[in-house]
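The values are calculated or read from the model by the stated rules, or taken from the named source; none is laboratory data. What you are looking at is a predicted structure, and each value in this text was computed from that prediction instead of being measured. Every residue, glycine as well, gets a Cβ built from its backbone with ideal geometry; the counts of neighbours run over all protein chains shown. Ligands, DNA and RNA are stripped out before the accessible areas are found, and what is left, the full protein with its side chains, is counted by its heavy atoms. Shrake-Rupley method; radii C 1.70, N 1.55, O 1.52, S 1.80 Å.
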Amino acid sequence: MVFVITLGAVLVYFGRDLLGWLLYPVRRKLAVSYLFVGLLPVLLLTSFFLLAFYVVLGLFGSYAFQANLAARGTAFASAAQQTLLEISPGSDPAEVARGLQGAVARVAPFAPGAAAWYLEIEEGRIARLTGSDPGGPIRRSDPLPEWALTPYEGVVQMEDTEWFGAVYPGLRGDRLAVVLAPLAPLLEQSAREEDLIVRTVWALYLGDQNEEPPAPAPLTGTDNDRFTIDWDEPLLLEAVPWGPGMEGGTVVVAIGFAPIHLIQGTTGGLAESVAISNPDWRSGLLLVLGGLGIVFVLIECVAFAAGLRLARSITRSVEALSRGTELVRGGNFGHQVRAASPDQLGELASSFNIMTAKIADDMGRLRRAAVLEQEMETARQSQSRLLPPEGSVSVPGFLVSAVCRPATEVGGDYYDLIPLGPSRLGVVIADVSGTGTRAAFIMAELKGLMLALSRIHESPRKVLVEANRVLHTALDSRTFITITYAVFDSAEGLVTFARAGHSPLLHLVQRDGHWPRSEALAPPGLGLALDPGPVFDEILEERSERLQGGETWLFFTDGVSEAMNAESDMFGEERLMRLLEEGAALTPADLQRTVEDAVLEFTGAETHADDLTMVLVRVD
């Protein structure tokens, strides 16, 4: 007893001095007052949110996870349907591969390991199978399940692995598009997007109904860096079988959630989630929790007002500046300090706000410029992929060299080399009015149209007539396209071409015993999309010429002939014809570079002011 009294006296004696030392700074004294005033409300509010948010966020997280999976199923179905639209029956392997790659690209951002397959069905069996993943689980020898003849999205059992995606059949049941991704990684990514964690995934199939369920193994993606709580109600996903020996069954998914992260990610949608839930016991629970919340908020407001009254006249501006400095240091340049006091601290806060506003404005301009530059670079790369790669097209009897130099990141010039058979080569060159992204988009549309029509019609005139009818309805009245389309046939020794308002063709050939001589061929024709049809069809003329060994054909856009120097003189077709005659002994590739260098030398510029495109064809 004496020891206790002595110890208490010592603690009181020294504790008083220690307390005085601790509370000497005003900031520390205010912190202690906040601790006493706000401790009880904080404890009450913490208990309330722990109880309420576990129930509400658990229900909302489960619903959001299922909605996320449903949305991904819809996206897979859309990708499969789009694949069937892009791939026609009998398409060549390159077109099928592009369609499958497009399907994978549509779902890849949210489906790791996604793959796509295109199947053609004959008499209920797989007659043709093409996949983006040759080593995938679908094999041509597999029997086609009956459920695959109707659209399906969900879980598919394949071999020993579960997949998630969609199967979409054609209208006549003779084609099938399949877009799938491994189930477990997709579930993990879906859960993380909703601030959830997939604890375990295991499957119960029909053949296992009389056996003990397997022990669920935790996934490798479990997040151990956050405090998480398990949700007691697992999700059940039905799985359909694909392949011999598969029976289908149920996939069980157990999830957990990190309360803090889920609160941050879903607070905005909480009211909507509650509104669409069962309105019975949940509505009552919300009323009770709402009443308790109001009481706790009132207690916290009283405590906050008491503490604020003690501190606001001393440290408000200092705390605001300190907090603002920390936010700016963390990258939040848009933060504004509340400058309420009419003193030096208030002036300092105003200067701080001016500084951060200017920094935020400068950073915004830099970000927008960087995004625009990246988008334009992406557009340039996409447009360059629309042009045939060098050496990708080869037809016996012809040597071809081509170049396209956009004036900006993207342009409206277009050329294409279309193999039409073992001895026939289609050459297209066109110029869309204007430059930039708008012209580039029209160029991409024109490419698809020419590829389709050139395989339907052999006559260049007929191809351009049909293209004009399509484009006149698709383009506005301010836009038109000049184009030349020629078909070289080495077996017949003939070239047939039609010109719709484009620059003349230059022909380098022997004439009257003299070699070489160049001539400009300009059969009449009106630009595409300028007339709906009658006038265009009447004016457009198709012409044929006999081919001679060693002769050269030059297709070009006005970026070559109309290039201007500092005196506003144009390069001109005559100068181009002389270059063609002087370079008759050069290879097409060397002749192309010679012309391009001559244009740059003539203009005196380092880059072209207009899109420049050339295609040279030499009869070998």
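Here are the numbers:
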{"read-out": "Label-to-label distance, nm, for residues given as Glu466 and Leu327 (7 Å Cα→Cβ offset)", "value": "6.3 nm"}
{"read-out": "Solvent-accessible surface ranking, highest first, for Arg455, Arg469 at 1.4 angstrom", "value": "Arg455, Arg469"}
{"read-out": "Sites Glu519 and Thr46, calculated FRET efficiency, Cβ-Cβ separation with R0 51 Å, nearest 0.05", "value": "0.05"}
{"read-out": "Label-to-label distance, nm, for residues given as Leu399 and Glu347 (7 Å Cα→Cβ offset)", "value": "8.1 nm"}
{"read-out": "In Å², nearest 10: area of Thr594 left accessible to a 1.4 Å probe", "value": "50 Å²"}
{"read-out": "Extended-chain gain in nm, criterion 0.36 nm per residue less alpha-carbon gap, Val252 and Asp590", "value": "115.1 nm"}
{"read-out": "Positive-end extreme of charge dipole, region 51-137 - chosen from Gln66, Ala108, Ser88 (charges on Cβ)", "value": "Gln66"}
{"read-out": "Accessible area of Val12 in the full protein assembly, 1.4 Å probe (Å², nearest 10)", "value": "100 Å²"}
{"read-out": "Projected label distance in nm at Trp147 and Thr473, using a 7 Å step from Cα toward the beta-carbon", "value": "4.2 nm"}
{"read-out": "DSSP-assigned coil residues among GluC sites (Glu not before Pro) in region 49-156, each with at most 13 further Cβ atoms within 10 Å", "value": "Glu123"}
{"read-out": "Calculated FRET value between Cys301 and Val371, using beta carbons and R₀ = 56 Å, to 0.05", "value": "0.80"}
{"read-out": "Accessible area in the full protein assembly, largest first, 1.4 Å probe, for Arg368, Arg106, Arg424", "value": "Arg368, Arg106, Arg424"}
{"read-out": "Residue-span extension gain [Ala105 to Leu18] - 0.36 nm each, minus C-alpha spacing", "value": "24.6 nm"}
{"read-out": "For Glu545, solvent-accessible area (1.4 Å; no DNA, RNA or ligand), Å²", "value": "40 Å²"}
{"read-out": "Asp92, Asp17, reordered so the largest accessible area comes first (probe 1.4 Å)", "value": "Asp17, Asp92"}
{"read-out": "Length gained when the stretch Glu562-Leu236 is fully extended (0.36 nm per residue, less Cα-Cα span)", "value": "110.5 nm"}
{"read-out": "1.4 Å probe accessible area per residue over region 426-558, in Å²", "value": "40 Å²"}
{"read-out": "More than 17 Å apart - percent of Cα-Cα pairs taken over region 409-483", "value": "42 percent"}
{"read-out": "Förster radius 35 Å - calculated FRET efficiency between Ser423 and Asp569 (Cβ-Cβ, nearest 0.05)", "value": "0.25"}
{"read-out": "Derived scalar couplings ³J(HN,Hα) [region 610-619; Karplus, 6.51 cos²θ - 1.76 cosθ + 1.60; whole Hz; x for Gly, Pro]", "value": "10, 4, 10, 9, 9, 9, 10, 10, 10, 6"}
